[in-house]
Amino acid sequence: MEPKTVRGADVILLPGARTGRDPARSIKRGPSRLPPDVVAATQRERLLDGLVHTVAEHGYQHATVSDICRAAGVTRPVFYELFSGKEDAFLAAHRHGTGVVIRRMAAAFAAEPDWCAGIRQALGAMLQLLAGVPAFATMAVIEIEAVGPAGRRERDQLLKKFRAFFAEVPQLTGGVPAEAVVDAVVGGVYSAVYRRVDSGRTDELPELLPVLSLFCLAPFLGPVEAVRRLGLVEG
């Protein structure tokens, strides 16, 4: 069974899916100007898009607030009305984007009749979303480490949400705690995604689906049963 296609509407919600200077989000001046709250929300979205593209291009350490504002078409005073600084804006973009990814994974997981199929569909949703917005994948997966302790805490919170998809795993024999195995599997999936993004092959992420699905299921079902449940061979 092939993973369900992620809708374009899901991808467009990720920061970095559009440019900060997208003409469709330009703010007109004059009597017909949008209400202040709508203007602020639009400027915030543009700044998050600008941040993602700037960080993906220059790296977090070398990206400046001026660079982000320039990419977004928003002034520095407006930036500081919305964010306390670069780190605050980065974490806001990371939380928003990874929230979109986790929600799409959860929807894909819940739509399946069992845990095995749900894991595969959730992984497929994640891989397709990240492949669809390479700038966000670079910013969220690679550059998060450069943010320092706050970035590492944010990544840990993300991995904790990912672990929730393994709540239904079968109990293991031999006294091996399932929680420790889940931690190892989640870390392995993250590492595989990291290597693909870091090598500039983000568009190839969906190709990882078969091996990552098998990697997630085999420790709990055994390799033969995992292969069978995933439909990788007849039998």
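The values are calculated or read from the model by the stated rules, or taken from the named source; none is laboratory data. Every value quoted in this text rests on a predicted model; they were computed, and no experiment measured them. Glycine also receives a Cβ, built like all others from the backbone with ideal geometry; neighbour counts cover every protein chain displayed. Remember, those area values only see protein heavy atoms, side chains included, never the ligands or the DNA or RNA. Shrake-Rupley method; radii C 1.70, N 1.55, O 1.52, S 1.80 Å.
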Query raised in the report: If G148 passes every condition in (1) farther than 22 Å from A184 by Cα; (2) surrounded by 14 or more Cβ atoms within 10 Å (Cβ to Cβ) but one, which one does it miss?
Result: (2)
Report task. Answer yes or no: is there a residue in region 116-138 that is within 30 Å of D67 (Cβ to Cβ), of a type in the set (F, W, Y), at pLDDT 95 or above and not in a helix (DSSP H, G or I). Result -> no
Query raised in the report: In region 132-145, how many are open to solvent by less than 20 Å² (accessible area, probe 1.4 Å) and either β-branched (V, I, T) or over 12 Å from V52 (Cβ atoms) (or both)?
Result: 3
Query raised in the report: (1) part of a helix (DSSP H, G or I); (2) surrounded by 21 or more Cβ atoms within 10 Å (Cβ to Cβ); (3) among the hydroxyl-bearing types (S, T, Y): which one isn't true of Y60, the others all being true?
Result: (1)
Query raised in the report: Taking region 68-85 as the search range and keeping residues that are open to solvent by less than 40 Å² (accessible area, probe 1.4 Å) and in a helix (DSSP H, G or I), which one is nearest to I142 (Cα to Cα)?
Result: I68
Query raised in the report: Is there a residue in region 167-187 that is open to solvent by 20 Å² or more (accessible area, probe 1.4 Å), over 20 Å from C116 (Cα atoms) and of a type in the set (A, V, I, L, M, F, W, C)?
Result: yes
Query raised in the report: Could you say which residue among E145, E207, E168 is free of Cβ contacts under 8 Å to residues at least 24 places away in the same chain and more than 30 Å from Q61 (Cβ to Cβ)?
Result: E207
**Report entry** Whichever residue in region 187-206 is part of a helix (DSSP H, G or I) and of a type in the set (S, T, N, Q) and, among such residues, is farthest from K161 (Cα to Cα)
**Finding:** T202
Report summary line: Apart from one, (1) of a type in the set (S, T, N, Q); (2) farther than 22 Å from G118 by Cβ; (3) modelled with pLDDT of 95 or more all hold for S213; the odd one out is (2)
